[in-house]
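Undergrad: Starting off with a structure, shown below.
Derivation of every value follows stated rules applied to the coordinates shown; laboratory data play no part. Only a predicted model underlies this, so the values are computations on that prediction, with no experimental measurement involved. Neighbour counts run over all protein chains shown; Cβ positions are idealised from the backbone, glycine included.
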Amino acid sequence: MGEKELLREIEETSHMLYQNKEHEAMKKATGLLGTFQNMIKNQTQEQLALGGNFALVMLRELLEAYQNLDMLGMADCLREKAALFVQFYFQNTENA
Amino acid sequence: MGVFEKNIAAIEKKYGCLAEKIREIDVEKVSERIGLAQTANGMLIPWVKHQGRAWRLNSMQNPMEAAELYADRYQIRLYGIYFVFGFSDGRCVRELWKKCDDTNMIVVCEPDLELFAMVCHEFDICDLIEAGNVLFYLAELETEAQVVLQKIVDYTRMKLLEFCILPGYDILYHDTCEMFMDSVIERMRNEVINKSTSFAFDRLIPQHTLFHMKNLLYHKNLEQLRQALAEYPVNEIPAIIVAAGPSLDKNIKTLKKAQGKAFIMVVDAALRTVLKNGIRPDMVCTVDPNSPDRFFDGIDLNGIIWACTRTSRKKIVEQYGEDIFYYGSYYRGWNGTLANELGYAIPSFASGGSVSSEAFMIALYLGFRKIVFIGQDLAFTGGQSHTKEVVGTFGDNEEYIHKRKIVEVEGIDGTMLETDFQMWYYKQWFEKVIHMNENLIEVIDATEGGAKIEGTVNQTLAETIEQQCNREIDIYGIEKSIPAAFSAEKQQELLKKLRGLKQEVADFRVQITEMIGKQEELLLAARDASTLERELLEKLKDMLAQNEKISGEEILDLIVMYAHKEEYEMGDDIYTEENMSPADLVEKSLLLYKGYERGAKLLEEDIDEFIMKD
């Protein structure tokens, strides 16, 4: 998934979460969690160092909200941290 | 005036005692559990701590945008009713409300009173409190959800109800949320059952209602009995509800040992079995408009004390009703007049639709907290439908069972038993009410057979009597010593008032006839291609406004009982058919009004028969 596509997916998922569309939103959030985990795994040491612990903090926060079925917590985390992470990731991948 | 005072003043105006409850809450004291957080854009939102975790009840990023997105989820329909579970900071509800018009209604159920109190301190929610189409329902304060829902959910708008749950609320307040949704669903189910009941009994129910409106002037009511019993420790005395299931034949003889040590409340179908075994009931409950004669024929009914409501069969009351305790809702205006005279309202309950559920609610109302069931099989135990004294009353036993829609339920011994849909529904109702009152009442199922009723303790009647019936009390004597609710003079005065109903109906019929004339003209205009669309829409709007005004008239409560066919037809399509033309709309409205006109005529005839005659 490219940057634009991923950002659109984040936006759509957060909308559904704010709307408390539990079933559909959780399905989409599960997909995004898997994508983020793979992105973090695929980062080089250099990229990881550049981003500090930001990616891990985002993932931990998202996972915590996900496990508690906290729709608003997930939506906020996606909009703020996950969107930033995606932009950062693609910027650094393109530069690499 | 600060935000809190402003909110409280608005709440006081609309909800009275709720304002007092909110004032009593010291928000500082609950600050460990509830608080406010500042969002990224400087706004405040509430949070609640649950199992050690703080749950934010709006977005920390942009609460306004999150609220708008939430409201966008719902497509508002004309006449739609939206049940919103959760209020949070009010932003989501406000956004939803902005999309509504005055045909819509929003019912907000907030499960956390302390949270609501804190919100009242910090957020200006006056607009929502004052809005005529927003109704607040605080789950902690309203134990009788059905009473609130009765006013909102009716058949005509059933298809227009929608549940909206605010994010987080279904997790944080899971049980209350389920209970609230169940209450609405149950109310809807009751409306469907009411529709079938109305069709099945046609003119019988309004006729019985009129008869009882007059007859109750000469009798007692259940509030009098509740007050008389308040002097005794009724919460420690068992109320034995005797139903007419087949297992009643097993332990009816044992019941005699409870006489004078319990409140023995018998449903009409079980009366034969009870009397034939030498037991004198403290009260007999009869509600069925068509109670079969065989329940009562050939048995000595002298001295029987009855509990009756508006549906109770007139013939039974005329023949045997020398001593009656009335309850129930007859007609808003009449119940109001009686309440003014008595200084209290005649009690009314939301029951499960069966006579034993009415008996159960009566026992609770009277203050009994130990309820014992016997004959409450709620299943065809041993292939029988009823106690042997009434078998045959409903035709051949096997044929009766064969005709029913059969479902299986678990019996008290773990085996599967056959029951019908109706009894299955009653079982669900009992389980729900028992669950709702679990810390308040103890329910023993001493049926010794039949379906397992969740929430009850299963034991034999002999064991129950041994454990529970150890205090002498003459409830029958207490009941007999209570005088009629009104003096002879008051009875005459009230009868005169009641007879005034005839003129009230006649006046209302004139209004209806005028409306029919106007709507016939409007129908012609709607069908005439040369009528300007704008002009037609204006007239249609006027018609709907007048319909709304008329639908609020109290007398209509009685008239619709004669026009239920037209009312239900209206409910089946007028609000939900999206492609109705103006002419279709007027035609439907006309049909309804002609139904009302016909209903008013029938009501006048019945008033002559049941109220005007001496």
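Undergrad: Could you work out the relative contact order of the stretch B:425-486, using alpha carbon pairs under 8 angstrom and six or more residues apart, expressed as a whole percent?
TA: Once normalised by length, the contact order is 24 percent.
Undergrad: Give me the base-10 log of I(q)/I(0) for the protein assembly as shown at each q in 0.05, 0.08, 0.10 Å⁻¹, Debye formula, one uniform scatterer per Cα, rounded to two decimals.
TA: -0.33, -0.81, -1.13
Undergrad: Quickly estimate the mean residue ellipticity at 222 nm for chain B, helices only: each DSSP H run with n ≥ 4 gives -39500 (n - 2.57), and the total goes over all residues, rounded to 500.
TA: Per the formula, -14500 deg cm²/dmol.
Undergrad: Using the 2.2 N^0.38 Å rule of thumb for compact globular proteins, work out how chain A stacks up: its C-alpha Rg over that value, please.
TA: 1.03
Undergrad: Please average, across the residues of B:272-278, the number of beta carbons from any other chain that are within 10 Å of each residue's own beta carbon, and give a whole number.
TA: 0
Undergrad: To test your reading of the geometry: what angle, between 0 and 90 degrees and rounded to tens, separates the Cα axis of helix A:22-42 from the longest principal axis of chain A?
TA: Compared with the principal axis, the helix lies near 10 degrees.
Undergrad: Which whole number gives the average count of other chain Cβ atoms within 10 Å of the Cβ atoms across peptide B:162-170?
TA: 4
Undergrad: Nothing charged except the Cβ atoms of Lys and Arg (+1) and of Asp and Glu (-1): what's the magnitude of the dipole of the protein assembly as shown about its Cα centre? Round to the nearest 20 debye.
TA: 1000
Undergrad: Return one number: the angle in degrees, 0 to 90 and rounded to the nearest 10, between the long axis of the Cα atoms of helix A:3-18 and the longest principal axis of the Cα atoms of chain A.
TA: It is inclined by approximately 30 degrees.
Undergrad: How many angstrom lie between the Cα centre of the stretch B:1-71 and the Cα centre of the stretch A:36-95?
TA: About 31 Å separates the Cα centre of the stretch B:1-71 from the one of the stretch A:36-95.
Undergrad: May I have the convex hull volume per residue, in Å³, for the Cα set of chain B?
TA: 192
Undergrad: Also, quick follow-up: Could you tell me, in Å, what Rg and Dmax come out for the Cα atoms of the stretch B:501-612?
TA: 15.1, 51
Undergrad: Compare the Cα positions of B:G517, B:V274, A:Q19 along the charge dipole of the protein assembly as shown (+1 at Cβ of Lys, Arg; -1 at Cβ of Asp, Glu; about the Cα centre) and return the one farthest towards the positive end.
TA: B:V274
Undergrad: Let me ask something additional. Normalised radius of gyration for the stretch B:204-488, please: alpha carbon Rg relative to 2.2 N^0.38 Å, two decimal places.
TA: Dividing the Cα Rg of the stretch B:204-488 by 2.2 N^0.38 Å gives 0.96.
Undergrad: How well do other chains shield peptide A:67-80, expressed as the mean number of their Cβ atoms within 10 Å of each residue Cβ?
TA: Mean partner shielding for this stretch: 5.
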